[in-house]
Amino acid sequence: MGALREESAQRGIEDRIDAAWVWDRIAKAVIFIGGISAIVFVISIFIFVAKEGLGFALFDLDKSQFFGSPAWRPTSEPEPQFGALALMAGTASVTGFAMLIAVPFSLGSAIYISEFATGRKREYLKILVELLAAIPSVVWGFIGLTIMNPLIIQVFNVPVGLTILNAGVILGLMAAPIMTTIAEDALKAVPDGYREAAEAMGATRWQVIRWVVLPSAKKGLVAAILLGVGRGFGETMAVLMASGHAINLPTSPFDSVRALTATIASELGETARGSEHYKALFTLGILLFLVTFTINLLADILVRGRKGKKA
Amino acid sequence: MSVKQHQITSFEAQPLDLKNRRNERLVRFFLGWVTMLLILPVLLILGVLIYKGSPALSWAFFTEMPRDGMTAGGILPALIGTLWLVGVALTAAVPLGIAAAIYLSEYAPDNMLTRIINLAIINLAGVPSIVHALFGLGAFVIFLKPLTGGTCILAASLTLAIMTLPVVIVSTRESLQAVPRQFREACWSLGATRWQTIRKVVLPNSISGILTGVIIQVSMTVGETAPIMYTGAVTYVAFLPESFTDETMALSLHLYNLAFVMQDVPESLPFGVALALVGVVLTLNSASIAFRMHLRGKKKW
């Protein structure tokens, strides 16, 4: 490019400055602004959430209470308590339970769809999985509330059905289609030459998957799991409606819990702007932002590492 | 496959071959069931939604205002409100998303800035919806209050727009990159500027791919609840929204209120809303998929 431009300059051929040239420059500038908009938004999300919560989190919040105490009593007088341990445990237990379901099911389906299913069957399965991923989270919460709840009470003979089990299953069903899609992409990215080489040596399809495809797609699969964890971690409406929403350090899957996201969603409406409670909710927001940011960053590094190695 | 060939060339299948083949069949059967088990419960759930929700659906359900403290009547204001939210969100997100995609596909060099943009897009998609809600509250409701006047359709829609921006960017970028490079080179060689090439050659050839992405974005916007709860959507307003500075009801929030917040709502009502919501979302997504498959069959290159 540079050499060409120099040559043109020597020969006296310059860009003609006409309307098309001007429009080209304007378009380039506008499009560049659009291009960096995602960066601007991520930074402003952090700034605006931090603006309301960071000062409180750094100076007024008792950190050992926040991370060590299960007592979340933001409105108690005279001394409100902001212990987020139970909320973190709630989020962790529901997400963990969801992953117990979603990881085997999504990896299994991804392998089946990508390696075993062929032709129409594969197309239909992919479409079904894509449609499952589209069901809104408030509908999932509603399903947990009205279908899973009585089912759990009946099957396990427990008094309350809005539990870790309920929210975990709902969240697992929600996260699995997305994880399946990402895992399938990772499997598809393994070059066919690898498979053909193994088959030429007489390996059965399962041997090819077990010893060739899975090891080379390992990082992409881990990224899929990570993104699933991130999704479960940040899920709000479904967890709010299906988990029972009780502040509780859980000891069994039949305990009700309350998640970090659900706490913000349910309490934000009751707080006065600028109050300690309000700032504490934004502090939870900062925590959520930082954790999901880290998870996404890790997943990105894993996927990029995979691409880098192949190039 | 290899085993078959052994038989044809009159090699005997060894015990090891038989064992391997048995293993493969077992795994295939097992994984097939895993896939079924992933899909079946959801189909069952959809069945229950249709069974319990369809009695509530009627013409009046979609065209009447709620009555008796929202325990009876229709969902008209929620439906209109959702249309408003989606409309305003699209107006904001689609041009911006397309610009970002054009930058990444047509202009961006392979450098640090591009890496950071891509990382930002992934993060924007990964930030929890309730954090988007906090951002919307802080930025559009409080900080930009002179512009928006507090909680209103505009604030809620902008929050939704930012949240769904990655969907438009990613799908648009994909369809732009699917346009063969030769198309651009042919255009450049005729002396067209970069922008002329994009406008006259690249965009027309990828417009249908962009549309499928927009449809997916609409479906996502329809279903989101948390981001609009504190930015513009409210439990009940007696009027239909008239401008984007009004507060509004929304389908998704309506379902949340009927099912979770309010007491003594007859069961068929939330089931009806849930069915309507799922119906809209799945129809949009099916349309997008059908559109995409139609395109794949029609592609000229």
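Laboratory data are not the source of any read-out in this text; all were calculated from the coordinates shown. These figures come from a predicted structure and were not determined experimentally. Positions of Cβ are backbone-derived with ideal geometry, glycine not excepted, and every protein chain shown enters the neighbour counts.
Structure summary
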item: The range B:152-194-the range A:57-120 distance, computed between alpha-carbon centres (Å); result: 35 Å
item: Unit charges on C-beta of K, R, D, E only; dipole of the range A:5-156, Debye; result: 520 debye
item: Rg/Rh ratio calculated on Cα atoms of chain B (Kirkwood radius); result: 1.11
item: CD proxy at 222 nm, helix term only [per DSSP H run n ≥ 4: -39500 (n - 2.57); per residue of chain A; nearest 500]; result: -23000 deg cm²/dmol
item: Separation between Cα centres of the range A:146-177 and the range B:220-253, rounded to whole Å; result: 29 Å
item: Viscosity 1.567 mPa s, 4 °C: Kirkwood-radius Stokes-Einstein D of the range B:60-181 over Cα pairs, µm²/s; result: 78 µm²/s
item: Averaged over A:265-273, number of beta-carbon atoms from partner chains that fall within 10 Å; result: 3
item: For chain A: Kirkwood Rh in Å [reciprocal of mean 1/r, alpha carbons]; result: 22.9 Å
item: Chain B - charge dipole about Cα centre, Lys and Arg +1 at Cβ, Asp and Glu -1, debye rounded to 20; result: 1500 debye
item: Two-site FRET efficiency, residue B:22 against residue A:121, from Cβ-Cβ distance with R₀ of 25 Å, rounded to 0.05; result: 0.65
item: Calculated over the protein assembly as shown: convex hull of Cα atoms, volume per residue (Å³); result: 208 Å³
item: Principal axis dimensions, the range A:135-185 - Cα atoms, whole angstrom, descending; result: 42, 19, 13
item: Within 10 Å of each Cβ in A:45-54, the average number of Cβ atoms from other chains; result: 5
item: C-alpha center-to-center spacing [the range B:29-72, the range B:89-145] in angstrom; result: 33 Å
item: Dipole of the protein assembly as shown, positive end: most advanced residue of A:110, B:75, A:94 [Cβ charges, Cα centre]; result: A:110
item: The protein assembly as shown, dipole about Cα centre (Lys/Arg Cβ +1, Asp/Glu Cβ -1), debye to the nearest 20; result: 2440 debye
item: Selection of chymotrypsin sites (Phe, Trp or Tyr not before Pro), the range B:224-265, meeting DSSP coil and at most 16 other Cβ within 10 Å; result: B:236, B:239
item: Test item: A:20-30 mean partner chain Cβ contacts at 10 Å; result: 4
item: Relative packing of B:84-92, A:35-43, A:21-29, which averages over residues the other C-beta atoms within 10 Å, highest first; result: B:84-92, A:35-43, A:21-29
item: Cross-link table A:188/B:298; A:63/A:279; A:188/A:218; B:200/B:298, entries beyond 18 Å C-alpha to C-alpha; result: A:188/B:298; B:200/B:298
item: Most positive-pole-ward Cα, A:297, A:257, A:278, against dipole of the range A:189-311 from beta carbon charges; result: A:297
item: Farthest toward positive dipole pole in chain B [+1 Lys/Arg, -1 Asp/Glu at C-beta], among B:233, B:27, B:47; result: B:27
item: Interchain or long-range residues, amide H under 5 Å from residue B:73's placed H; result: B:67
item: Choice from A:61, A:128, A:187 with maximal GNM fluctuation in chain A (Cα, 10 Å cutoff); result: A:128
item: Taking chain B and dividing mean pair separation by its residue count, relative contact order in percent (alpha carbons under 8 Å, at least six apart); result: 25 percent
